[in-house]
Amino acid sequence: MYRLSRLKYVFPLGLFVSLFLDGALSHVWAPLFFRYPYSMMSELALLWLVLAYFFENGIDIPLIPFAIAAGVVADMYSSGILGLYMVLYPCIVALTQLLAKYFSGSFLSMIMIFFVDVVAFATINYWAYYMVGVTNTNFGDFLAFSLAPTLALNLVYFVVLYWPIQSLFNWATTENKV
Amino acid sequence: MHKFFSNRRLVIIVIILVVCFGLMAGSISLRNRRNTPPLIQQFGNDIVGFADSAVALPVNWLQTSFSSVNDLMNTYSENRELKQQVTELAQTKVRDQTLAHENKQLKQELKLGKSMTDYDTVTAAVLMRTPSSWQQQLVINKGQSSGIKKNMPVMSDGGLIGRIIEVNKTNSKVELLSDTNEASSRFAISIGNKGDQVVNGIVTGYNANRNEIIMGQVSSKAKIKVGTKVITSGMGGITPKGLYVGKVSRIGKDDYGLAQKVYITPAANFNDINIVTVAESASQE
């Protein structure tokens, strides 16, 4: 039961903290993230959503509504262009759910699924912004200068944060009655 | 698999796609046209801004304390260098004061009001940067209530870094000059040369590989020297005159060999911005 577990507080708090951390880290580590001509997109919020699905231990977190809420905040507050993240976040959650059906729950398959998620996320993001004229980078430059560094950064996030987040979710899901 | 693209699903997907692109295109054009975002969006942004400062301020604080430890290491050599500069600065400051005073008197004599060189400033801290490859955008912690308006120029490190593109009550968004989108900052700038000739133009783009601002379509035949200082020209009436942009780094021809293209190294580092100054032209009021 989602409502009875500690996840009720831990999950939304973690989601929004990771969303804000994306912005704060991009600001603080800008010399690293946006070194010309490379640029990395920090996607902690996406990592949190994906790992929440893997670690929920049978407690059904309403992931899609939360993903939409996080997307609306990201759209309004950080990008100022409505309509992208509020659809993209839930889509990636659905993609994770779809892929997870075909793979075991090992670390390796999780990181592969996250890899596919980030590729899909960054590519759809690029394609949508290309269509509406926010960017005019060509596809080759996108692959080399944006997608590759973004993948590297987010896979490092995944490896570093996998065990901390797992133990956090274990703590939040084991004692159901609070 | 044949179920996946059943009629109903397909229709729903197409509708969602259309709505998404409609929203995106709508919010971009709305942002370019209107002075402030719709009230609901403003309200939401203000609330999120408060929540964000709970995360952003500790992170910023951590970074400043780390970098101040770093600074401590090279304090000695820096101090010696700065001392030399301070003695020069005092002289420049006094001269500046005298000139400003004289300027004011002369303006009064001519019955001239405020001109484009008069401006007020608002100082703000940076809360976050958009975590995206496609938008070079900052959120700062001052908004309408501090007198910030759309399109005001923003400076940091003594150099121009961008303009305000969205204003909420308590925070606003800054688009950096390094943003390459089609509707991004087109500041009117000018370069002076030895012979008192002034070359006017606008910022037409940004070269991310070499970190250079591009001033394109310069048809003037005046000779421009590498290293000349570039300032805003005050044309257009929104940006004050005399904000420092950077130095000329090289001069090339455009694709057709007809006009000159001037490349400018910006004075501010777009990746190291903590405190910004928003300049408000005094002659607007």
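The values are calculated or read from the model by the stated rules, or taken from the named source; none is laboratory data. Just so it is clear, the structure is predicted and the values come from calculations on it, not from any experiment. When we count neighbours, we look across all protein chains shown, and the Cβ atoms used for this are built from the backbone with ideal geometry, even at glycine. To get the accessible areas, we keep the full protein, side chains included, count just its heavy atoms, and leave off ligands, DNA and RNA. Shrake-Rupley method; radii C 1.70, N 1.55, O 1.52, S 1.80 Å.
Before moving on, here are some points about what is shown:
- If the condition is being surrounded by 16 or more Cβ atoms within 10 Å (Cβ to Cβ) and more than 19 Å from the chain's Cα centre (by Cα), then region B:190-226 contributes B:Val199, B:Val218, B:Ile224.
Table: residues versus (1) surrounded by 21 or more Cβ atoms within 10 Å (Cβ to Cβ); (2) under 16 Å from the mean Cα position of the chain (by Cα); (3) in a helix (DSSP H, G or I); (4) of a type in the set (A, V, I, L, M).
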position	(1), (2), (3), (4)
A:Leu25	yes, yes, yes, yes
A:Pro37	no, no, no, no
A:Leu46	yes, yes, yes, yes
A:Leu49	yes, yes, yes, yes
A:Met76	yes, no, yes, yes
A:Tyr102	no, no, no, no
A:Gly105	no, no, no, no
A:Met112	no, yes, yes, yes
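- Restricting B:Asp96, B:Asp46, B:Asp71 to those that are of a type in the set (Asp, Glu) and either touching a Phe, Trp or Tyr at 6+ places or on another chain (Cβ under 7 Å) or within 10 Å of chain A (Cβ to nearest Cβ) (or both) reduces the list to B:Asp46.
- Filtering A:Phe66, A:Phe16 for residues that are part of a helix (DSSP H, G or I), within 26 Å of B:Gln42 (Cα to Cα) and facing chain B (nearest Cβ under 9 Å) leaves a single hit, A:Phe16.
- Some residue of region B:130-147 being farther than 24 Å from B:Leu39 by Cα, touching a Leu at 6+ places or on another chain (Cβ under 8 Å), open to solvent by 10 Å² or more (accessible area, probe 1.4 Å) and more than 9 Å from chain A (Cβ to nearest Cβ): no
- Scanning region B:214-259 for residues that are among the small types (Gly, Ala, Ser), touching a Lys or Arg at 6+ places or on another chain (Cβ under 7 Å) and touching a residue at least 12 places away in the same chain (Cβ under 8 Å) gives B:Gly216, B:Gly227, B:Ser233, B:Gly234.
- Filtering region B:227-248 to residues that are assigned to a strand (DSSP E or B) and either open to solvent by 40 Å² or more (accessible area, probe 1.4 Å) or within 14 Å of chain A (Cβ to nearest Cβ) (or both) leaves B:Lys229, B:Ile231, B:Tyr244, B:Lys247.
- Single residue of A:Gly80, A:Gly140, A:Gly133, A:Gly105 found to be touching a strand residue (DSSP E or B) at 6+ places or on another chain (Cβ under 9 Å), modelled with pLDDT under 95 and farther than 14 Å from A:Met41 by Cβ: A:Gly80
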